[in-house]
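Comments concern the structure below.
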Amino acid sequence: MVDPVGFAEAWKAQFPDCEPPRMELRSVGDIEQELERCKASIRRLEQEVNQERFRMIYLQTLLAKEKKSYDRQRWGFRRAAQPPDGAAEPRASAQRPPPAPGD
């Protein structure tokens, strides 16, 4: 039903380093099954690509933050001291002197 020689030649022209996949296409049903296998494979591979892309973006972001932190340390900048967990941060109004009487 299908010309396997034509497929093999076209495959080798497109992908010279890979052997063409074997397909038993003797009927319309065989073609439909092979087509469904291809579609399922593409969905699975797209999911894998999306997962790897997500991981790549996360790692790039993390690396950029680490490099920024390294650059601050390298140039002598320090992070502002952070209060321990549960401690209240000082308020701006608490740092001002109380208003003078009559103000």
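The values are calculated or read from the model by the stated rules, or taken from the named source; none is laboratory data. All of these numbers come straight from a predicted model, not from anything done at the bench. Methodologically, a virtual Cβ is constructed for each residue, glycine included, from the backbone with ideal geometry; neighbour enumeration extends over all protein chains shown.
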Completion exercise
Selection from region 6-16 of residues surrounded by 10 or more Cβ atoms within 10 Å (Cβ to Cβ) and either under 31 Å from the mean Cα position of the chain (by Cα) or not in a helix (DSSP H, G or I) (or both) yields TRP11, PHE15
Problem - Subset of region 25-52 (residues that are of a type outside the set (D, E, K, R) and part of a loop (DSSP other than H, G, I, E, B)) - result: LEU25, SER27
Problem - Some residue of region 17-24 being surrounded by fewer than 10 Cβ atoms within 10 Å (Cβ to Cβ), modelled with pLDDT of 70 or more, part of a loop (DSSP other than H, G, I, E, B) and hydrophobic (A, V, I, L, M, F, W, C) - result: yes
